[in-house]
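Student: Please see the structure below; I have some questions.
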Amino acid sequence: MVIEKIELNHFRNYEQLSFEPHEGVNLFFGKNGSGKTNLLEAIHYCALGKSHRVSQDSPVIYSGERVGSCNVTVRGKWGRNEIGVRLQPGDSGGKSVYIDRKKVKKLSEMMGVLRCVIFSPEDLDLIKEGPAVRRRFLDMMISQISRSYFIALQQYRVAMEQRNAILRTSKMLMQSPDPMIEDFEKAMSEYASTIFRERKKITEMMGEESFPIYREISGKKDEIFQIQYHSFVKKEEDLNEYNRILKENREDDQKQGITSVGPHRDDLHLTLNRKSMKMYASQGQMRTGALTLKLAQLKILTKISGESPILLLDDVMSELDLQRRMNLLQEIGTIQTFITFSDEGDLDASQGYRTYAVSQSDGRARIQEIKSGPETVKTLLCEPDFSYD
């Protein structure tokens, strides 16, 4: 899978941009706040319909504008597709997704058209923070290769929100929950089965892939990195009891106003030499662990889909020593990769790749392609062609 063209219009600090990246490794160098990460964010939008940085769309719109958009042309084994995301927060238009300039009715239709793996310094939260961060990582990963999973996840959340609403209402009125709660519990049980099966399968694959990756990046053969899926059920057969468990927990859940048991509480257990990484790992080990998860994700997406996804590395070179940086670049191989960095010294292990300078003037970002040294050969700033049916 290769991105042939990226077009931005009033997206973050890019007023207008049309850019054709290299099919291999693309390095983006510039000061903090210049717009490097914004380019990766646009790719993420076109892959998953959302930002990896913020939950709302409004911060993504260019200052003073009401509408922004990002557009990517991607070539894969099934042909060429154009993906567009139009953002108009606060308006009836909201967020619209287009595939080959045709508006899609459901977000699930864009899943898998463009697949990407992104790693940023914030991904240390995968090790340091609570289960919600790791669940989100797992859900976004599986959604790119299984639309049925993405739909099941959405429907499970809808049913759970309805159940929670009934619980809160019954608590306020001090009465038994509405009988309709049984319908939502039945729906939750049905979708929980799909969620559990997919998460368990992918976690097992990640465990197999991550073991050698961690050793290769860390260079330490005595460190054993392991991943285990920790679920509210031990085996798939136990899912048959989930509907009963929900019914039994109604009284306690009513007091809290939330659903206390289910896949929305599951977690990934990450250990190093059988000890919790969150509790015992050093900062360097945590960085290596987080990067290992992303590279394992990369390998699994490639195995299942039959083609490599796009790899996005946001300012991670400064987080790694020279040896780990070189090991990482070796792992990347021929995958199309977008790497951002702000320290010019990070170029030392990156000679031979396509390099771009990112700068900002009057609030507008620009990208310049650099052949060698400081020589600038092309400024990438022009009027994109945006038109959707």
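Student: Would you say S218 is under 30 Å from G289 (Cα atoms), small (G, A, S) and not assigned by TED's automatic domain parsing to the domain that holds Q336?
Tutor: Yes: the conditions hold for S218.
Student: Identify all residues within the stretch 78-131 that are in contact (Cβ under 8 Å) with a residue 24 or more places away in the chain, over 30 Å from L268 (Cβ atoms) and either among the charged types (D, E, K, R) or touching a Pro at 6+ places or on another chain (Cβ under 6 Å) (or both); write none if there are none.
Tutor: Of everything in the stretch 78-131, those that are in contact (Cβ under 8 Å) with a residue 24 or more places away in the chain, over 30 Å from L268 (Cβ atoms) and either among the charged types (D, E, K, R) or touching a Pro at 6+ places or on another chain (Cβ under 6 Å) (or both) turn out to be R80, R86, D91, R101, K102, K103.
Student: Can you tell me which of M174, M188 is more than 29 Å from E307 (Cβ to Cβ) and out of contact with any helix residue (DSSP H, G or I) (no Cβ under 6 Å at 6 or more places or on another chain)?
Tutor: Residue meeting the stated conditions: M174.
Student: For a quick check of your reading of the model, give me the residue pairs whose first member lies in the stretch 259-276 and is free of Cβ contacts under 8 Å to residues at least 12 places away in the same chain and in the same structural domain as F184 (by TED's automatic domain parsing), whose second is in a loop (DSSP other than H, G, I, E, B) and surrounded by 14 or more Cβ atoms within 10 Å (Cβ to Cβ), with beta-carbon atoms closer than 9 Å and at least 6 apart or on different chains.
Tutor: Qualifying pairs under 9 Å: S260/N249; K275/A281.
Student: From the set of residues in the stretch 56-112 that are over 23 Å from the mean Cα position of the chain (by Cα) and not in a loop (DSSP other than H, G, I, E, B), which is nearest to I151 (Cα to Cα)? First the steps, then the outcome.
Tutor: Start the filter on the stretch 56-112 by keeping residues that are over 23 Å from the mean Cα position of the chain (by Cα), which leaves 63-67, 79, 90-93, 101-102.
If we keep only those that are not in a loop (DSSP other than H, G, I, E, B) as well, we get 79, 102.
Working: G79: 25, K102: 21 Å.
Among those residues, the one meeting the criterion is K102.
Student: So in the stretch 303-328, with the set limited to residues that are farther than 22 Å from A42 by Cβ and crowded, with 18+ Cβ neighbours inside 10 Å, which one is modelled with the lowest pLDDT? First the steps, then the outcome.
Tutor: Step one: list which residues in the stretch 303-328 are farther than 22 Å from A42 by Cβ, which gives 303-304, 306, 318-328.
This time we only want the ones that are crowded, with 18+ Cβ neighbours inside 10 Å, so: 319-320, 324-325, 327-328.
On the way: E319: 65, L320: 68, R324: 69, R325: 70, N327: 70, L328: 71.
Among them, the one singled out is E319.
Student: Among what's in the stretch 35-68 and is of a type in the set (G, A, S), at negative phi and without any contact (Cβ under 8 Å) to a residue 40 or more places away in the chain, pick the residue that is surrounded by the most Cβ atoms within 10 Å (Cβ to Cβ).
Tutor: For the stretch 35-68, the residue satisfying everything is A42.
Student: Would you point out the residue of the stretch 154-199, among those that are among the hydroxyl-bearing types (S, T, Y) and surrounded by fewer than 16 Cβ atoms within 10 Å (Cβ to Cβ), that is modelled with the lowest pLDDT?
Tutor: Filtering the stretch 154-199 for residues among the hydroxyl-bearing types (S, T, Y) gives 156, 169-170, 176, 189, 191, 193-194.
Now restrict to residues that are surrounded by fewer than 16 Cβ atoms within 10 Å (Cβ to Cβ): 169, 176.
Numbers: T169: 95, S176: 90.
Here the residue is S176.
Student: Taking E223 as meeting all but one of (1) of a type in the set (D, E); (2) touching a helix residue (DSSP H, G or I) at 6+ places or on another chain (Cβ under 8 Å); (3) under 22 Å from D266 (Cα atoms), write down the number of the exception.
Tutor: Every listed condition holds for E223 apart from (3).
The values are calculated or read from the model by the stated rules, or taken from the named source; none is laboratory data. Given the structure is predicted, the values throughout are model-derived calculations rather than measurements. So basically every Cβ, Gly included, is an ideal-geometry build from the backbone, and we count neighbours across all protein chains shown.
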